[in-house]
Amino acid sequence: MTELRNIPLTTIDGSETTLADYQDKVVLIVNVASRCGLSPQYEQLEQLQKTYGDRGFTVLGFPSNQFLQELGSEDAIKEYCTMTWGVTFPMFEKVKLNGKSAHPLYAELKKTADGAGKAGRVAWNFEKFLVTPGNEVKRFRPTVVPDDPAIVGAIEAALPA
């Protein structure tokens, strides 16, 4: 697997970064979409951020229009997330998840199998990948809500005591 931490990323504000900036954190990478029926998951994601943020955890939001449910511009996405859901976790520029033009981060993440042993394409908006400081990746499908015991348990297990 390519070193996830070295893949170039662009924040929603246009700054260049990598996951290396989050090397010591447990990160929950989520492909988000503003006009999706699963958008209320933003509230639970923000609650995870508030609950575990000071313990070495962060949510990282990656907007995608892969399923034709995201707003047109980064500014519109940022305003929606802030004003509607009070999002404080880092957000990134829109990315493609599937296909030949998938962002390199998602090209790597999709190699991870979910709890049922299935890897491959991102199925829908709000698919979640938990990455530990040791680069262990756990995959949760879109219908697994952010406060599901499986996700919370994985976060707590990966955080320092």
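The values are calculated or read from the model by the stated rules, or taken from the named source; none is laboratory data. For clarity, every value in this text was computed on a predicted model and none was experimentally measured. Methodologically, a virtual Cβ is constructed for each residue, glycine included, from the backbone with ideal geometry; neighbour enumeration extends over all protein chains shown.
Structural remarks
- Here Phe126 fits the description: under 19 Å from Val27 (Cβ atoms), touching a Leu at 6+ places or on another chain (Cβ under 6 Å) and either crowded, with 21+ Cβ neighbours inside 10 Å or at pLDDT 95 or above (or both).
- Candidate set: the stretch 13-43, residues that are in a loop (DSSP other than H, G, I, E, B) and touching a Gly at 6+ places or on another chain (Cβ under 8 Å); chosen: the one nearest to Pro142 (Cα to Cα): Lys25
- Residue count, the stretch 1-28 (criterion: of a type in the set (A, V, I, L, M, F, W, C), under 20 Å from Arg55 (Cα atoms) and in contact with a Lys or Arg (Cβ under 7 Å, 6 or more places away or on another chain)): 3
Conditions (1) in contact (Cβ under 8 Å) with a residue 40 or more places away in the chain; (2) among the acidic types (Asp, Glu); (3) under 18 Å from Gln41 (Cα atoms); (4) not in a loop (DSSP other than H, G, I, E, B), marked per residue:
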{"site": "Tyr80", "(1), (2), (3), (4)": "yes, no, yes, yes"}
{"site": "Met83", "(1), (2), (3), (4)": "no, no, yes, yes"}
{"site": "Lys100", "(1), (2), (3), (4)": "no, no, no, no"}
{"site": "Lys118", "(1), (2), (3), (4)": "no, no, no, no"}
{"site": "Phe126", "(1), (2), (3), (4)": "yes, no, yes, no"}
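Listed here are the residues, each with its yes/no results for (1) touching a helix residue (DSSP H, G or I) at 6+ places or on another chain (Cβ under 6 Å); (2) of a type outside the set (Ser, Thr, Tyr); (3) under 17 Å from Val95 (Cβ atoms).
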{"residue": "Val32", "(1), (2), (3)": "no, yes, yes"}
{"residue": "Gln49", "(1), (2), (3)": "no, yes, no"}
{"residue": "Val59", "(1), (2), (3)": "yes, yes, yes"}
{"residue": "Pro63", "(1), (2), (3)": "yes, yes, yes"}
{"residue": "Phe67", "(1), (2), (3)": "no, yes, yes"}
{"residue": "Glu74", "(1), (2), (3)": "no, yes, yes"}
{"residue": "Ile77", "(1), (2), (3)": "no, yes, yes"}
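- Reported count of residues in the stretch 47-77, each being out of contact with any Pro (no Cβ under 9 Å at 6 or more places or on another chain), part of a helix (DSSP H, G or I) and surrounded by 15 or more Cβ atoms within 10 Å (Cβ to Cβ), is 3.
- Residues of the stretch 137-161 that are part of a loop (DSSP other than H, G, I, E, B) and exposed (fewer than 13 other Cβ atoms within 10 Å of the Cβ): Thr143, Pro160, Ala161.
- Members of the stretch 102-116 found to be in a loop (DSSP other than H, G, I, E, B) and modelled with pLDDT of 95 or more, listed by number: Ala102, His103, Lys110, Lys111, Thr112, Ala113
- Hits in the stretch 95-106 - residues which are surrounded by 19 or more Cβ atoms within 10 Å (Cβ to Cβ) and either within 15 Å of Phe126 (Cβ to Cβ) or touching a Lys or Arg at 6+ places or on another chain (Cβ under 8 Å) (or both): Val95, Leu97, Ala102, His103, Tyr106
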